[in-house]
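Heads up, the thing below is written out as structure tokens.
Just so you know, all these numbers are worked out from the coordinates, no wet-lab data involved. Model, not experiment: these values are computed from the prediction. Virtual Cβ from ideal backbone geometry, glycine too; neighbours counted across all protein chains shown.
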Amino acid sequence: MTKETTIFFLCCCIGILIFIVIYQYIVFNRGTQTKLREISEKLKEILEMQSDEKIMVFTGNKELMELAAQINELLENHVKVKADYRRSEIASRKMLSNISHDIKTPMTVILGYLEIMRLKGSGTEEMLLKTEKKAESVMELMNQFFTLAKIEAGDMDIQLSKIDICEICRESILDFYEILTENGFTVEVFLPETSVFVYGNKEAVQRILFNLISNAVRYGSAGKYLGINIQDMEKEVCINVIDKGKGIEKAFQNQIFDRLFTLEDSRSRKIQGNGLGLTIAKHLAQRLGGDLTVKSTPYVETVFTFKLKKITY
């Protein structure tokens, strides 16, 4: 083979290789463009139809598969946002309905008493006291509603400092001494003998404990038991408020902190429930850098656990 022939042969081989590379590149690009077009059209269809479908891509192209996976992750988040919005919308309608009921009922009573007093020309002291109590219940509901609104909007100024959680727990249980003894409750309080300091706000912590204890009295009356104990751990302190009453069914435990969620018999209790107390307690706990959770076995034990950051210095 001559030198010229060899050079010609090499040039042909190189040309063929270049042709193959160019051909594969064109075919690959066409395939990629086709897949991208399919993904785009499918995504447009999903968004227009507001469906919960996902993007399906059958390809060996790793980049396209990764793109489809990321799009599907965004679609999943989109579905979650839609579901949260629906739940929020339903909760808002229910909240307005419950507020309307809780305000309308005492206002009807107040107007009735006022009408009787107007017709008689005067009112008895008993009737005036009943009217006053109903007006106070309306005011308390509105105060709690606006408190929750301020907390959720971040407009409530909560100054954090070093506080003795044991002392606050003692004060809180004493506030309920009369109603607990009147209703024959067995009370068990287990608190450390020495002070336990947490990072919090005294007024906010007192409000949380008030809401938890009143909730235990309201729904735990069948068990005639109230317990409070403190778990002193390395980095946090847990305050447990316990009752042994009707408890909370598992199906409702995720809803118990929702706005205006009440169990069916709350309105007949001595301490009236409007469904805002636990919601406020949950939000306040989170604003303090802690949390509020619940575990319940009906007629065995219901435990609300209020967690706060511990101060060790």
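Computed values, structure above
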| quantity | calculated |
| --- | --- |
| Cα centroid separation - segment 192-241 against segment 278-313, whole Å | 8 Å |
| Neighbourhood net charge (13 Å Cβ-Cβ; Lys/Arg +1, Asp/Glu -1) for Tyr225 | 0 |
| In nm, spacing of pseudo-spin labels at Glu132 and Glu249 (7 Å Cα→C-beta vector) | 4.2 nm |
| Pairwise label distance in nanometres, Lys309 with Asn72, each label 7 Å out on the Cα-Cβ vector | 4.0 nm |
| Exposure proxy order (Cβ contacts within 10 Å, fewest to most) of Thr194, Thr302, Thr293, Thr131 | Thr194, Thr293, Thr131, Thr302 |
| Environment charge at Leu308 (Cβ cut-off 15 Å; Lys +1, Arg +1, Asp -1, Glu -1) | +2 |
